[in-house]
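The values are calculated or read from the model by the stated rules, or taken from the named source; none is laboratory data. None of these values were measured; they are calculated from a predicted model. Here the Cβ positions follow ideal geometry from the backbone for every residue, glycine too, while neighbour counts run over all protein chains shown. All accessible areas refer to the heavy atoms of the entire protein, side chains included, with ligands and DNA or RNA removed. Shrake-Rupley method; radii C 1.70, N 1.55, O 1.52, S 1.80 Å.
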There are 2 protein chains.
Amino acid sequence: LPVAEKALIARIRRAAGNSAKKKTTVLTGIGDDCAVLRIPKGHEALITTDFSLEGIHFRREWHPAQAVGHRCLTRGLSDIAAMGGQPIAAFLSLAVPRTLPQKWINEFMRGLLALANKFSVTLAGGDTAESPAGILADIVVLGSVPKGKAILRSGVRPGDLIYVTGALGGSAATLHRLMEKPKQKLNPRDFPRHFFPEPRLAVARILREKGLASAMIDLSDGLSTDLGHICDESSVGAQIEAAAIPLAAIGRPPQKVDLAAALHGGEDYELLFAAPTVKHVPAHIAGVPIARIGVITRNKKVVLISENMRRELKPQGWQHFAS
Amino acid sequence: LPVAEKALIARIRRAAGNSAKKKTTVLTGIGDDCAVLRIPKGHEALITTDFSLEGIHFRREWHPAQAVGHRCLTRGLSDIAAMGGQPIAAFLSLAVPRTLPQKWINEFMRGLLALANKFSVTLAGGDTAESPAGILADIVVLGSVPKGKAILRSGVRPGDLIYVTGALGGSAATLHRLMEKPKQKLNPRDFPRHFFPEPRLAVARILREKGLASAMIDLSDGLSTDLGHICDESSVGAQIEAAAIPLAAIGRPPQKVDLAAALHGGEDYELLFAAPTVKHVPAHIAGVPIARIGVITRNKKVVLISENMRRELKPQGWQHFAS
């Protein structure tokens, strides 16, 4: 191995060692051909993989390395949350250019491992390589969920009510500010939902334990796209009330984002779920506000209602900032 | 999503659908936030991740897309074999440049899925993205092994005998031919161990079932490096006989490779294992020849014996063909 790559492995191994507490589930971690893990009895395994590519998912001039590491793992943890699962271990494949300063990698690992520790996730393996161009990360998260209890994207019925956690559009609106003035530096503390989004694991777990949600997805691509996925999977439609959509507030002083950012902006990592009308969904779960934004319909279209207007809400896919 | 990416997902989903037979283990595959999988009762989960990056692990002008797909999955399956495990499902993260012809992706998937079908592995998920530069693949393989039966890199004792499967050096020697004359086209059929290496899953399974191996690793980095890993993990050394190392034959007519290629060349995906002297290791397992090449020693060095010479065999890491 090239020296830089050896040093990278050693650094990851050292960093991960500090988080390797869960000896009962992660039996063999970094340093063998595979990680060996135990899935809790009566549980099924959940697996998700997500790229974080420089120039596609982040830019080095906009995103501090610590935020890149945090966001990289959030993408995977949020997918586990979307199934109502609990994360067990993460695997990081990381390719870096030869010229990348070591400090960048250290900060990246710091951001990733701080989030891993917060949710008791062990970094249990991965791969390293030299990158031909740019920083390339791929995160794999393994989780578990009690047998037959995973909350899928499918399973909604007409009449089910539609809910979202937290507030929407904060991440995309932050990105728009950066794109408008590419040279500015934003203070990540004033824009946490973009730089340090938190996966909604606690909310998801309670929804699953109480059997409230008929279907769930995380808002990584944006409400219009992700609601489309839910509807497609069950061959139904939805009616959404614009006034009910919780708009995120960003910056200092905080300013509410536009409705468009909340409707189409991705990477909020909030949860979108449906629940039958007979279920009582509290206004807060695990300290996170829950907003009822609409209803599942038999008609297969997704319709947005605002004041006296009705219009079809077409998925406007989240394209990151690829040119 | 960009149109190209949508088409890619649809193509992967369609291709994977054909291989999604194992409904009992892969409960939910591509198309939800996570894959949901069942680990067989009394088994532990194995996970491995491996990059295949254009310019680092393959070159488009040398490696047909089908071979790139095959090799990509072999890397993961071989890691499962090295633990004595059985593969269950694979997850492919694939980022491609906008300009990549669709035919390349189709051929890549064809190579990957042919191998997946051969070993009853379901393609159960992954991620897609636009690549900022070059083709970027990361393969994750989930497997299982009976509880406590994973064959680790550690666990050898002085006196254990050292074995390899098949023949070594074929992949690296092929690569050297390509590097010497970069413009030539080699017929993949004459160089199968480079273009279409087979993971030694059947051999590994029998070794595990019969309890023969005290430690095992797959030869992805090369004998000198991978034997070093085995020795390091147990704080021992080894003595290897040059004449006992099985040299691969490549090309048409077949020519035996140099000893150097067999000692240091990577990506053969053969298995290297140790077994206590009391164990009877057959000369063939699952149709694959098994060669005894040396012995584990108390002295922590790895020594190569050839004719009347003894010299220390230092790990000469496999650097792919990164310049």
Conditions (1) more than 18 Å from B:F58 (Cα to Cα); (2) out of contact with any Cys (no Cβ under 8 Å at 6 or more places or on another chain); (3) in a loop (DSSP other than H, G, I, E, B); number of the one not met by B:A150: (2)
Of all residues in the range A:187-198 being in contact (Cβ under 8 Å) with a residue 24 or more places away in the chain and either assigned to a helix (DSSP H, G or I) or open to solvent by less than 60 Å² (accessible area, probe 1.4 Å) (or both), the one that is farthest from the other protein chains (Cβ to nearest Cβ): A:D190
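Out of the range A:112-145, which residues are more than 11 Å from chain B (Cβ to nearest Cβ) and in a strand (DSSP E or B)?
Kept after step one, since they are more than 11 Å from chain B (Cβ to nearest Cβ), are these residues of the range A:112-145: A:112-123.
Across the range A:112-145, the qualifying residues are A:T122, A:L123.
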Verdict on A:A173 being closer than 30 Å to A:K41 by Cβ and in a helix (DSSP H, G or I): no
Residue count, the range B:43-100 (criterion: charged (D, E, K, R) and more than 8 Å from chain A (Cβ to nearest Cβ)): 6
Tally of residues being of a type in the set (K, R), more than 24 Å from B:H284 (Cβ to Cβ) and touching an Asp or Glu at 6+ places or on another chain (Cβ under 7 Å) across the range B:148-207: 1
Test: residue in the range A:202-223 that is without any contact (Cβ under 8 Å) to a residue 60 or more places away in the chain and within 14 Å of chain B (Cβ to nearest Cβ): yes
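Conditions tested, residue by residue: (1) farther than 30 Å from B:A213 by Cβ; (2) of a type in the set (K, R); (3) in contact with a strand residue (DSSP E or B) (Cβ under 7 Å, 6 or more places away or on another chain).
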position: B:I56; (1), (2), (3): yes, no, yes
position: B:E61; (1), (2), (3): yes, no, no
position: B:R75; (1), (2), (3): no, yes, yes
position: B:S78; (1), (2), (3): no, no, yes
position: B:M83; (1), (2), (3): no, no, yes
position: B:I88; (1), (2), (3): no, no, yes
position: B:A95; (1), (2), (3): yes, no, yes
position: B:T99; (1), (2), (3): yes, no, no
position: B:Q102; (1), (2), (3): yes, no, no
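Is at least one residue of the range A:107-116 of a type outside the set (K, R) and either in contact with a Pro (Cβ under 6 Å, 6 or more places away or on another chain) or closer than 19 Å to A:R38 by Cα (or both)?
Taking every residue of the range A:107-116 in turn, at least one turns out to be of a type outside the set (K, R) and either in contact with a Pro (Cβ under 6 Å, 6 or more places away or on another chain) or closer than 19 Å to A:R38 by Cα (or both).
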Filtered residue count, the range B:176-186, keeping only those that are in a loop (DSSP other than H, G, I, E, B) and either under 23 Å from B:N117 (Cα atoms) or in contact with a Gly (Cβ under 9 Å, 6 or more places away or on another chain) (or both): 1
Which listed residue is touching a residue at least 24 places away in the same chain (Cβ under 8 Å) and more than 18 Å from the chain's Cα centre (by Cα), from B:A124, B:A114, B:A150: B:A124
Subset of the range A:130-158 (residues that are touching a His at 6+ places or on another chain (Cβ under 7 Å) and either surrounded by 17 or more Cβ atoms within 10 Å (Cβ to Cβ) or of a type in the set (V, I, T) (or both)): A:S144, A:V145, A:R153
Any hit, the range B:297-312, residues being in contact (Cβ under 8 Å) with a residue 40 or more places away in the chain, closer than 30 Å to A:I9 by Cα and of a type in the set (G, A, S): no
Failed criterion for B:I80 (all others in (1) open to solvent by less than 10 Å² (accessible area, probe 1.4 Å); (2) closer than 23 Å to A:L136 by Cβ; (3) at pLDDT 95 or above hold): (2)
Selection within the range A:146-167 - more than 9 Å from chain B (Cβ to nearest Cβ) and among the hydroxyl-bearing types (S, T, Y): A:Y163, A:T165
Any pair with Cβ under 7 angstrom, 6 or more apart, that starts in the range A:92-111 at a residue that is open to solvent by 70 Å² or more (accessible area, probe 1.4 Å) and ends at one that is assigned to a strand (DSSP E or B) and not aromatic (F, W, Y): A:R98/A:E130
Residue within the range A:159-173 that is in contact with a Gly (Cβ under 6 Å, 6 or more places away or on another chain) and open to solvent by 10 Å² or more (accessible area, probe 1.4 Å) present: no
Tally, over the range A:174-185, of residues that are without any contact (Cβ under 8 Å) to a residue 24 or more places away in the chain and open to solvent by less than 30 Å² (accessible area, probe 1.4 Å): 0
Qualifying residue in the range A:49-56 (condition: part of a helix (DSSP H, G or I) and surrounded by fewer than 20 Cβ atoms within 10 Å (Cβ to Cβ)): no
